[in-house]
Amino acid sequence: AHAIKALIFDKTGTLTQGRPVLTGWSGTDEQLRLAAALQQASEHPLALAMREAVGKDAVLPQPEAVEVRVGAGILGKVAGHSVAIGNPSLLTVLGIPLLEQAEPDADGATRVWVAIDGVAVGIAALADTLRPESQEAIATLRQRGVASWLVSGDAPEPVAHIAAQLGLDGAFDSVLPAGKVEKVEALRAQVGGLLAMVGDGGNDG
């Protein structure tokens, strides 16, 4: 460990609490309810946040024909409706025009688009907070001459927000799970020494 030149961190659940909450929603309550129902098929922290936003005790219809698009979002049927939840690229692939309305105002939040029956109906802003020990950990590494990098599948804005808060040496956003290996290899060549990866998910392994 004494020879490590740089640490590469995952974001959600590693540098942050990993418990995002819904801080903004531009659609209706019923549309959010359908989105939360589809998210029952996912264990992603953002999915959990959307479910909790409608109430932990809410009785939701069960999703059917669920399809997970890694790094993009999730599709399925809920109560007779086709529901899609994910990033803008998912809606683009599905041929669904993006909303022209203003997005929820939430600094550093992850934004998730929701479409129902082929129409974009709302944007959810989901914010995660730093773990209380992250600031001290990064500062200590910096004092010891160890560089700290962030590699995340999240969108550019929340990744840049976290990187700025912690004063990281660099950050990669929108990286698919398989792409993390490529970033590790690239940094190893750049640093010219031993690296370590710090994460809490299977894709980090």
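The values are calculated or read from the model by the stated rules, or taken from the named source; none is laboratory data. A quick note: this is a predicted structure, and the numbers were derived from the prediction, not measured. A quick note on method: Cβ atoms are made from the backbone with ideal geometry, for glycine too, and the neighbour counts reach across all protein chains shown. Note: areas computed on protein heavy atoms with side chains; ligands, DNA, RNA excluded. Shrake-Rupley method; radii C 1.70, N 1.55, O 1.52, S 1.80 Å.
The 3J(HN,Hα) values that the Karplus relation (6.51, -1.76, 1.60; θ = phi - 60°) gives for segment 144-150 are, in residue order, 8, x, 9, 6, 10, 10, 10 Hz. Gly and Pro appear as x.
Mean separation of Cα pairs under 8 Å and 6 or more residues apart, divided by the residue count, gives segment 125-205 a relative contact order of 23 percent. Pull out a ≥ b ≥ c, the square roots of the eigenvalues of the alpha-carbon gyration tensor of segment 14-130, then state rounded if a/c is under 1.5, prolate if not and a/b is larger than b/c, and oblate in the remaining case. Rounded, since a/c falls under 1.5.
Here the label points at Ala160 and Asp29, each 7 Å from Cα along the C-beta direction, are separated by 3.6 nm in the simple model.
In the chain, the calculated helix contribution to ellipticity at 222 nm averages -8500 deg cm²/dmol per residue, counting -39,500 (n - 2.57) for every DSSP H run with n ≥ 4. Close amide H contacts of Val175 (hydrogens built in the peptide plane, cut-off under 5 Å, sequence separation of 5 or more or a different chain): Ser152, Gly153, Asp154.
Give the shape of segment 146-205 as rounded, prolate or oblate, defined through the alpha-carbon gyration tensor: a ≥ b ≥ c are the square roots of its eigenvalues, a/c under 1.5 means rounded, and otherwise the shape is prolate if a/b is larger than b/c and oblate if not. In terms of gyration-tensor shape, oblate.
Phi angles across segment 116-129 convert, under the Karplus curve 6.51 cos²θ - 1.76 cosθ + 1.60 with θ = phi - 60°, into 3J(HN,Hα) values of 10, 6, x, 10, 5, 10, x, 10, 9, 9, 10, 10, 10, 10 Hz, Gly and Pro given as x.
Whenever you get a sec, compute what percent of the accessible area on segment 140-203 sits on carbon and sulfur atoms (1.4 Å probe).
Working: 1820 of 3470 Å².
Carbon-and-sulfur percentage of accessible area, whole number: 52.
Here segment 37-129 has 53 percent of its accessible surface on carbon and sulfur atoms, given a 1.4 Å probe and all protein chains in place.
Out of [x] 26, 24, 17; [y] 34, 17, 15; [z] 49, 20, 14, which label holds the value of semi-axes √(5λ) of the Cα gyration tensor in Å that was computed here? Computed from the coordinates, semi-axes √(5λ) of the Cα gyration tensor in Å corresponds to [y].
Give the percent of DSSP beta bridges with both residues in the chain that are antiparallel, rounded to the nearest 5.
Working: 26 of 38 bridges.
Of all bridge pairs located within the chain, approximately 70 percent are antiparallel.
Along segment 31-47 the Karplus relation, 6.51 cos²θ - 1.76 cosθ + 1.60 evaluated at θ = phi - 60°, assigns HN-Hα couplings of 5, 5, 5, 5, 5, 5, 5, 5, 5, 4, 8, 10, 9, 5, x, 5, 5 Hz to successive residues, with x for each Gly and Pro. Counting only protein heavy atoms and a 1.4 Å probe, segment 21-117 has 52 square angstrom of accessible area per residue. Under 5 Å between amide hydrogens, built in the peptide plane, is the criterion, and for Thr14 it picks out nothing among residues at least 5 positions away or on other chains. Taking a ≥ b ≥ c as the square roots of the eigenvalues of the Cα gyration tensor, an a/c ratio of 1.5 or more together with a/b no larger than b/c marks segment 40-83 as oblate. Pairs of Cα atoms nearer than 8 Å and 6+ residues apart set the relative contact order; for segment 84-159 it is 27 percent. If you take the Cα centroid of segment 14-46 and the Cα centroid of segment 131-179, the two points sit 23 Å apart. From most to least packed by mean Cβ count within 10 Å, the peptides 44-57, 132-145, 27-40 give 27-40, 44-57, 132-145. Working from Cα pairs under 8 Å separated by at least six residues, relative contact order for the chain is 29 percent.
If you count Lys pairs in the chain whose Cα atoms are under 29 Å apart, skipping same-chain pairs closer than 8 places in sequence, the total is 6. For segment 160-205, the per residue solvent-accessible surface stands at 57 Å², with DNA, RNA and ligands left out and a 1.4 Å probe. Helix 156-166 axis versus longest C-alpha principal axis of the chain: approximately 40°, rounded to the nearest ten.
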